[in-house]
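Worksheet: the structure to be examined is printed underneath.
Rule-based calculations on the coordinates, nothing more; no lab input. Quantities reported herein were computed from a predicted structural model and do not represent experimental measurements. Note: ideal-geometry Cβ built from the backbone for every residue, glycine included; neighbour counts use all protein chains shown.
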Amino acid sequence: MDGASFQKPLEGILVLDFSQFLSGPSAALRLADLGARVMKIERPGTGDICRTLYISNLELDGDSTLFHSINRNKESFAADLKKPNDVQLVAKLIGKADVLIQNFRPGVMEKLGLDYETLKKINPRLVYGEITGYGNEGPWVGKPGQDLLVQSLSGMTWLNGNGGQPPTPCGLAIADMSAGAHLVQGILSGLVRRGITGEGCLVQVSLLESILDVQFAEFTTFLNDGGRLPIRSGIHNAHPYMAAPYGIYQTKDGFLALAHGSVIELGKLLGCESLLEYADPHGWLNQRDEIKRMLSEHLLLHSTREWLDRLEPAGYSCSEVLNWSQLMKHEGFQELDMIQEVRRSNGYAMFTTRCPLRIDGQLLTSGKGSPRIGEDNLNIRKEYRL
């Protein structure tokens with residue numbers, strides 16, 4: 001297909017992104033990647049709090065790398081929602097929008113008169129996406145919807161790290177990212193239904209429900225296993241319900257990841273005779289720490305490459321363990337073409353990842369960087385006669 005004639009699936013869809021931080025903006029980003037026009041509604045002067053939320057000390061062109069990465073390919077319309085005149089301008093935009101996304105605490109949009117029940121009277125075709133921390137009711141409704149807090153409440157931190165270690169959070173904002181992905185699913189479903197019925201809908205997601213869904217297989221095991229809690233391996237834990245050899249092991253010069261597989265076959269391939277004693281597959285779980293300790297000692301004898309040369313030809317599930325520098329040098333990563341350059345309107349350029357989707361074989365890329373606060377106000381007001 002000719003890239004110049006390729007039409008992205010959501011071209012012609014207008015999205016108003018009232019959200020801040022990670023979850024809502026990540027949903028709006030994915031819609032923008034799919035071709036939607038996304039207008040970020042921000043406070044004059046300060047804008048999205050994420051502009052100054054640093055995940056390192058690195059600042060690019062006055063904003064955090066986090067803001068740049070999650071708000072590329074958007075426009076910015078600055079409006080003070082505490083001022084009636086600005087709210088009226090925004091309401092006119094909402095009347096023309098297809099999608100609205102917000103992740104304020106419960107009750108905030110109602111006070112502003114921008115809740116779904118009010119707005120569907122203005123625009124009955126609007127698909128209204130809402131993200132909260134813990135839903136709109138219950139004892140946690142006023143609790144900050146922050147990723148680490150949600151991970152901690154969800155039980156997820158007891159899946160990571162080795163047995164005997166304290167609860168360990170995931171090193172990524174996984175509650176935010178999963179909630180954003182789930183909101184996109186709901187919004188796209190709402191747009192499909194609107195295409196059939198002509199009516200929009202309210203899509204609601206919470207960080208807690210999303211992170212519980214991420215754990216659905218493990219949580220289902222718990223629910224149907226007499227309520228017994230998962231037990232983490234005392235060594236090389238990578239999944240509390242997985243038998244040996246599942247985990248990451250140190251080698252003579254690096255690390256080796258071993259996934260599902262027969263312990264007997266592994267022992268033969270590695271030349272580790274002590275593993276051949278574990279003929280019963282049930283023992284691979286019940287005695288996994290013993291097995292993993294034997295493996296740990298044996299794998300230190302040779303390099304990662306030497307072990308891979310034995311395991312990979314036999315089809316055993318294994319991998320080297322790379323850091324980002326090593327990953328970027330690898331031909332497998334380079335073949336994916338995952339990095340794109342984006343530029344701000346002032347010409348400032350930076351590198352980031354592209355959308356992971358392909359449509360009809362086409363990569364979904366855009367060179368448009370993140371906006372400055374309110375930089376599109378004049379154009380938007382002129383275009384929509386605000």
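Name the shape class, rounded, prolate or oblate, that the alpha-carbon gyration tensor gives for segment 227-299, where a ≥ b ≥ c are the square roots of its eigenvalues, rounded holds for a/c under 1.5, and otherwise prolate holds if a/b is larger than b/c and oblate otherwise. In terms of gyration-tensor shape, oblate.
Beta bridges per DSSP, both residues in the chain: antiparallel share near 40 percent. Considering only 68, 182, 239, the Gaussian network model of the chain with Cα springs below 10 Å gives its largest mean-square fluctuation to 239. Put in order of Cβ neighbour count within 10 Å, fewest first, the listed residues 383, 265 become 383, 265. Neighbour counting of Cβ atoms within 10 Å sorts the residues 209, 117, 375, fewest neighbours leading, into 117, 375, 209. Summing charges over neighbours of residue 136, with a neighbour being any other residue whose Cβ is under 15 Å away from its Cβ, gives -3 when K and R count +1 and D and E count -1. Structure remark: mean-square fluctuation, Gaussian network model of the chain, C-alpha springs under 10 Å; the largest value among 39, 109, 328 belongs to 328. For the chain, the dipole from Cβ point charges (+1 on Lys and Arg, -1 on Asp and Glu) about the Cα centre works out to 1520 debye, to the nearest 20. Amide H contacts of residue 40 (H built 1.01 Å from N, in plane; Pro and chain starts excluded): 17, 75, 76, 77 sit under 5 Å, all sequence-distant by 5 or more or on other chains. Hydrodynamic analysis of segment 93-245 uses the Kirkwood radius over alpha carbon pairs. Inserted into Stokes-Einstein at 10 °C and 1.306 mPa s, it gives a translational diffusion coefficient of 91 µm²/s. About the centre of its Cα atoms, segment 1-138 shows a dipole size close to 340 debye [charges on the beta carbon of Lys, Arg (+1) and Asp, Glu (-1) only; nearest 20 debye]. From helices alone, the chain scores -10500 deg cm²/dmol at 222 nm; the rule is -39500 (n - 2.57) for each run of n ≥ 4 DSSP H residues, then divide by the residue total. Among residues other than residue 23 with Cβ under 9 Å from its Cβ, the summed charge is -2 (Lys and Arg +1, Asp and Glu -1). Between 133, 12, 369, the GNM of the chain built on Cα springs shorter than 10 angstrom shows 12 fluctuating the most.
Could you list the trypsin sites (Lys or Arg not before Pro) in segment 159-250 that lie in coil according to DSSP, counting only those with at most 12 other Cβ atoms within 10 Å of their Cβ? List each step's numbers first, then the result.
Working: sites: 193, 194, 228, 232; in loops: 228, 232.
Of the trypsin sites (Lys or Arg not before Pro), the ones in loops of segment 159-250 whose Cβ has at most 12 other Cβ atoms within 10 Å are 228.
Taking amide H atoms as placed 1.01 Å from N in the peptide plane, the amide H of residue 201 lies under 5 Å from those of 127, 128, each 5 or more residues away in sequence or on another chain.
Pairs of Lys residues in segment 85-163, spaced 8 or more positions apart or belonging to different chains, with C-alpha separations under 14 angstrom: 4 in total.
Using only the Cα atoms of the chain, what semi-axes does the equivalent ellipsoid have when each is the square root of 5 times a gyration tensor eigenvalue? Give whole Å, largest first.
Calculated on Cα positions only, the semi-axes equal 46, 25, 19 Å.
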